[in-house]
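Have a look at the structure below before the remarks.
The values are calculated or read from the model by the stated rules, or taken from the named source; none is laboratory data. These figures come from a predicted structure and were not determined experimentally. Here the Cβ positions follow ideal geometry from the backbone for every residue, glycine too, while neighbour counts run over all protein chains shown.
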Amino acid sequence: MIEWQEKKKGKGLGMQGFTLIELMVVMVILGILAGLIVPRIMDRPEEARRTKAGIQMQSIEQALKLYKLDNGQFPTTEQGLLALVEAPTVGSLAKKWRTGGYLEKGKVPKDPWDNDFVYLCPGLHGDFDLISYGPDRQSGGEGKDADINNWELQ
């Protein structure tokens with residue numbers, strides 16, 4: 001009876017802590033979980049950049065549409081996106097260019113990889129094309145290096 005009470009209080013030999021096998025099992029389980037979760041977490045920053053590029057493109061598209069409402073046409077490729085923040089000085093000049101421009105903060109945003117968006121007007125896929133070359137900074141690419149194009153956004 002005394003032996004049983006000592007074990008119950010944690011003073012017996014069988015109640016001193018975890019065994020080596022129990023610790024090994026926990027370590028293996030943690031390793032498996034880390035192997036499954038870490039790759040998913042590591043892909044998130046790139047996915048976030050691609051999403052941000054799409055949102056920036058939509059914002060630029062809205063500014064381009066406002067520019068067209070005021071001036072009857074989109075800026076030309078030569079005028080570029082700079083026409084959204086400064087009145088164009090080349091090509092067909094803007095008739096009713098809005099004071100303050102069409103983009104917030106008075107500057108054309110760069111894509112999440114710190115590159116300029118490519119703007120073509122007339123576009124090959126619509127009135128205008130907006131393209132971000134993505135992390136590889138080159139036209140084309142597949143997977144994570146694929147271009148982000150305004151005509152492919154939903």
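Annotations for the structure displayed:
- Residues that are among the β-branched types (V, I, T), out of contact with any helix residue (DSSP H, G or I) (no Cβ under 7 Å at 6 or more places or on another chain) and either in a helix (DSSP H, G or I) or surrounded by 16 or more Cβ atoms within 10 Å (Cβ to Cβ) (or both) are absent from segment 57-69.
- Residue check for G126: in contact with a Leu (Cβ under 8 Å, 6 or more places away or on another chain) and either in a loop (DSSP other than H, G, I, E, B) or more than 19 Å from E152 (Cα to Cα) (or both): no
- Taking the listed residues T76, T89, T99, the one that is within 17 Å of G126 (Cα to Cα), without any contact (Cβ under 8 Å) to a residue 60 or more places away in the chain and outside any helix (DSSP H, G or I) is T76, with no other qualifying.
- Qualifying residues in segment 93-107 (those that are closer than 20 Å to G54 by Cβ and out of contact with any helix residue (DSSP H, G or I) (no Cβ under 6 Å at 6 or more places or on another chain)) - the one surrounded by the most Cβ atoms within 10 Å (Cβ to Cβ): K107
- For V90, the criteria (1) surrounded by 13 or more Cβ atoms within 10 Å (Cβ to Cβ); (2) modelled with pLDDT under 90 hold in every case but one, which is (1).
- Sub-7 Å Cβ pairs linking a first residue in segment 121-138 that is in contact (Cβ under 8 Å) with a residue 24 or more places away in the chain and under 24 Å from E46 (Cβ atoms) to a second residue that is surrounded by 17 or more Cβ atoms within 10 Å (Cβ to Cβ) and among the charged types (D, E, K, R), at least 6 apart or interchain, are S132/D111; S132/D147; G134/D147, ordered by first then second residue.
- In segment 108-121, residue nearest to Q79 (Cα to Cα) [restricted to those that are over 14 Å from the mean Cα position of the chain (by Cα) and either surrounded by fewer than 18 Cβ atoms within 10 Å (Cβ to Cβ) or of a type in the set (K, R) (or both)]: L120
- In segment 135-154, residue surrounded by the fewest Cβ atoms within 10 Å (Cβ to Cβ) [restricted to those that are out of contact with any helix residue (DSSP H, G or I) (no Cβ under 7 Å at 6 or more places or on another chain) and of a type in the set (D, E, K, R)]: E142
- Screening L124, L84 for residues that are surrounded by 13 or more Cβ atoms within 10 Å (Cβ to Cβ) and of a type outside the set (K, R) leaves exactly one candidate, L84.
- Qualifying residue in segment 20-30 (condition: over 30 Å from G134 (Cβ atoms), at pLDDT 55 or above and outside any helix (DSSP H, G or I)): no
- Output for segment 122-154, where each listed residue is aliphatic (A, V, I, L, M) and within 18 Å of Q73 (Cβ to Cβ): L124, L130
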